[in-house]
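Have a look at the structure below before the remarks.
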Amino acid sequence: MAHNVKIASNFRSKFQAISKDTLHWFPGHMNKGMKQMQQKLRSVDCIIEVHDARVPFSGRNADFKYRISGIKPHILVLNKVDTIESKHIPLIKDKIKSEFPHVIFTNCKNHRDKGVSSVFPLAQKLINDSERYNRANEEDFCIMIIGIPNVGKSSLTNALRNKYLHKSGASAVGASPGITRSVLHKIKMCEKPLFYMLDTPGILCPNVDNTESGLRLALCNTIQDHLVGPEIMADYLLYWLNKHERFKYVKALGMSDASDNILEVLAHIAKTEKKLLKIKSTEGYVLKPDINSAAYSMIKKFRNLEFGKIMFDEDLL
Ligand SMILES: Nc1nc2c(ncn2[C@@H]2O[C@H](COP(=O)(O)OP(=O)(O)OP(=O)(O)O)[C@@H](O)[C@H]2O)c(=O)[nH]1
Ligand SMILES: [Mg+2]
């Protein structure tokens, strides 16, 4: 906690979403893609589910694991580990282990990341220890990467291919001319052992069970900002930071004190960053703070870690 921050005694202890309709931003938790993924499962030996380490519990689609992937080995990769404090890693592992005994934390932006290096060795071990059913005679391993949008599925694919095949970029193999689209395309990921990945990562819909988890997911960029609204996202961020006494934002935004009033904070950002709207009035043009653009600026600063490393699901540990 920064000592020079005057803590207001009237910070909110609960986040009140403006309207009950807020949950309409979010799609249902089952979707068409699920069916397609289910059909592809027969050709897969292991599922690698990627999720964002800042929200290890929020938004994960448990249906997939329990209803669809079933008996296949299932590894949970919590990516973007560089955006959380390392003290949270063992706590998350401990909390999640009954559901996912195999969790790997990765930073796909680091070419020498130990987590990325451990993905295939673990997958190979789990596949060898498992019953391969219809794929028992195959010598290669086939994995399917799944996860909600923007958690780093492509980054992980590229990091793995880079590491093992020294290839940059793993542009998904499109349907070649003359080959029907129903043919399953595989991308080679590793030579020894021979690992393939189904050509497109499976995109799951985030499972949003309440407004707060929806807002956490939105702040982590897994739901498009404009669908949710930057102001409510900024307000939730402010609420969370104050509640957890993370006051780095005060200095980062050049404020004199912490505040729990989002309009005050956004007006301050608009003023200091000169985000102003020219509004025509009867007396000519007047300048007003551009609250929307200030909210985007605040969210961007959070994503650039200017407010510190935040693990939103702290309360669920
Ligand atoms: N800080 C950090 N950012 C990452 C990491 N991995 C990926 N990113 C960033 O996260 C964003 C999304 O990465 P992608 O790999 O495109 O994610 P995706 O899951 O393939 O996204 P969709 O295909 O849109 O569902 C990009 O801006 C990446 O640069 C990581 O380990 N740490
Ligand atoms: Mg992608």
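Since every read-out is calculated from the coordinates, none of them should be taken as a lab result. Predicted model, so just to flag it, every value in this text is computed and none were measured. FYI the Cβ positions are ideal-geometry reconstructions off the backbone, even for glycines, and counts take in every protein chain you see.
Odds and ends about this structure:
- Kirkwood-based shape ratio for the stretch 208-316, expressed as Rg/Rh from alpha carbons: 1.01
- In this simple spin-label approximation, residue 287 and residue 43 carry label points 7 Å from Cα along the Cα→Cβ vector, and these lie 6.0 nm apart.
- Extension gain (nm, one decimal) between residue 35 and residue 110, 0.36 nm per residue minus Cα-Cα: 23.6 nm
- Sequence-distant residues sharing a close amide H with residue 59 (under 5 Å, placed H): 207, 209
- In sequence order, the stretch 307-317 has phi-based couplings of 9, x, 8, 10, 10, 4, 8, 3, 5, 9, 6 Hz under the Karplus curve 6.51 cos²θ - 1.76 cosθ + 1.60, θ = phi - 60°, and Gly or Pro positions carry x.
- For residue 142, the residues 5 or more places off, or on other chains, whose built amide H falls under 5 Å of its own are 45, 46, 196.
- Peptides 242-250, 148-156, 93-101 ranked from most to least packed by the mean count of surrounding Cβ atoms within 10 Å: 148-156, 242-250, 93-101.
- Sequence ranges 289-295, 121-127, ranked by mean other-Cβ count within 10 angstrom, highest first: 289-295, 121-127
- Each label point was placed 7 Å from the Cα along the Cα-to-Cβ direction; for residue 203 and residue 15 their separation is 2.4 nm.
- Here's how it looks for residue 77: its modeled amide H is under 5 Å from those of 49, 50, 51, 104, which are all 5 or more places away or on a different chain.
- Between 261, 291, 272, the Cα set farthest toward the positive side of the dipole of the stretch 208-316 (charges on each charged residue's Cβ, about the Cα centre) is that of 272.
- For the stretch 298-304, backbone phi angles converted through the Karplus equation (6.51, -1.76, 1.60; θ = phi - 60°) give residue-by-residue couplings of 5, 5, 4, 5, 4, 5, 7 Hz, Gly and Pro being listed as x.
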